[in-house]
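The values are calculated or read from the model by the stated rules, or taken from the named source; none is laboratory data. Just so you know, these numbers come straight off a predicted model, no measurement behind them. When we count neighbours, we look across all protein chains shown, and the Cβ atoms used for this are built from the backbone with ideal geometry, even at glycine.
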Amino acid sequence: MKKFKKVYVEITNQCNLKCDFCPQTNRKPEFMSREMFSDILDQIKPHTEYIYLHVKGEPLLHPELDKLLDISYEKGFKVNITTNGTLINKVKDILLSKPAVRQINFSVHSLSGNKEFKEKEAYIDHILSFIKEATEKTKIYLSLRLWNLNGNSRMNLESRKNDKILEAIEDAFDLPYKIDEVKGLDRGIKIANRVYVNQARQFKWPLSKTPWFDKSKRVLGKWYQCGICTRFHQRSLVSDG
């Protein structure tokens, strides 16, 4: 029986941001129902124990997030959530109280991807405050993600836009070093117990109409991961490539 390292479940295709690196979906905006979510978990249970609440959309927008996390726990799944972090204060009590939550990834590069982003300092402060509370009260793994690297795994010019973010992280955790001076940036940096800063090259969604899209290339992701979109077809796993 085929096993997947990661199964992404898109519980909503809606997002409260419009990041310049993320193409907008033409699909009907919707939230996955509890019934559909439960059915999907039953179908993928033989194939994985880890689910990732992310494809497109912002998972913390889902009005029944607490119920979905309860269903995940009841069915024995460990949940990883990727979020832009803007709604963390609204749902923090839910996240901190749900044993299904294994890891939360904060895509803080969303900040630089939105030119009209307001309350930038408050945004980072809220995320860092949540991370500190989570490390004290739970066993959740937490990751701060930035797209700061060039091809040589060193900081690129784009990273200068994120200087204040890095400084805020360094100050919040009393780091005795500068993050951008650490070797092996592409492997991630552990800055506290279960807290990591992960940096990578800027990602853009591959689209068939883009000039560099090469149909002759093999997509290896399908061998160890799959994605199930909000509009799920009964009795089939929908590959996200």
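Taking the conditions (1) more than 24 Å from residue 142 (Cα to Cα); (2) within 16 Å of the chain's Cα centre (by Cα); (3) among the charged types (D, E, K, R) in turn, residue 10 satisfies each one other than (1). Among the conditions (1) among the aliphatic types (A, V, I, L, M); (2) in a helix (DSSP H, G or I); (3) within 30 Å of residue 125 (Cβ to Cβ), residue 55 misses just one, which is (2). Touching a residue at least 60 places away in the same chain (Cβ under 8 Å), touching a Pro at 6+ places or on another chain (Cβ under 8 Å) and farther than 20 Å from residue 106 by Cα, is that true of residue 31? Yes. Does residue 63 satisfy the criteria of being of a type outside the set (S, T, N, Q) and surrounded by fewer than 16 Cβ atoms within 10 Å (Cβ to Cβ)? Criteria met by residue 63.
Of all residues in region 22-34, those satisfying the criterion of being surrounded by 15 or more Cβ atoms within 10 Å (Cβ to Cβ) and modelled with pLDDT under 85 are 22, 25.
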